[in-house]
Structure formats: C-alpha cells, structure tokens
1. Out of Lys38, Lys49, which single residue is open to solvent by 80 Å² or more (accessible area, probe 1.4 Å), charged (D, E, K, R), at pLDDT below 85 and assigned to a helix (DSSP H, G or I)?
2. Enumerate the pairs (first residue in segment 73-93 and within 15 Å of Cys48 (Cβ to Cβ); second residue anywhere and at pLDDT below 90 and open to solvent by 100 Å² or more (accessible area, probe 1.4 Å)) with beta-carbon separation below 7 Å, excluding pairs fewer than 6 apart on the same chain, so at least 6 apart or on different chains.
3. Working only within segment 52-87, note down all residues that are within 12 Å of Leu41 (Cα to Cα) and either part of a helix (DSSP H, G or I) or in contact with a helix residue (DSSP H, G or I) (Cβ under 6 Å, 6 or more places away or on another chain) (or both).
Amino acid sequence: MSVLLYSHSKQDLEKVVEIILSKVQNFQLSKSSNESQKEDLISQKEACKFLNISLPTIITWRKEKDLPHYNYNGRYFYSEKELLEYGKKHNHK
C-alpha cells in the first residue's frame, strides 16, 4: 500500500469551492423549476373535466394517440397548456 500526499495552494482550494458552489446553485435552480412544473399539473380526473371527455377516452388518447402526460408513482397528471396545444394540433375541442 502506498501513501500519496497532495499539496494544494489556497488559490487551488478556492477555485474548487467556487466550482462546487456553482454546480450546487445550478442543481437547485433545475430542481425548483421541476417543482414548479409539478404545480402546474392537473390530475387525470381534472383533465377529463378540462377537456370535457370521459375517463375511458382520456386513457385511450394517452395510450394510443400520444396525449402528453406525466406518470408519478402510477398516477397520471397533465399540463393544461400541453392539453390545449394537443387539442389544437389534433382538432379536438
């Protein structure tokens, strides 16, 4: 077994700390944007009311027609903005 000793200057250590802090800040910003996206989502039941369709219809659209959705632990959620865009694109009301 060999022992390696490293010697770093104060400037080297300060640079490493700056890099780590920058990465942590970027990580926190992306995490908060994901959390805000979750807040914009509505449940499958609410999406049915929003689109004025039945539950079987939304399930069929999700499975067969690429209806944009998010799956969190087996529960489906939808973005109202994406539902509107989907409706315009596919001529649904």
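The values are calculated or read from the model by the stated rules, or taken from the named source; none is laboratory data. The structure displayed is predicted, hence computed values, not measured ones. Glycine gets a Cβ as well: all are built from the backbone with ideal geometry, and neighbour counts include every protein chain shown. These accessible areas exclude ligands, DNA and RNA; they are computed on the full protein's heavy atoms, side chains included. Shrake-Rupley method; radii C 1.70, N 1.55, O 1.52, S 1.80 Å.
1. Exactly one residue qualifies, and that residue is Lys38.
2. Ser79/Asp40; Gly87/Lys93
3. Pro68, His69, Tyr76, Tyr78, Glu80, Lys81, Glu82, Leu83
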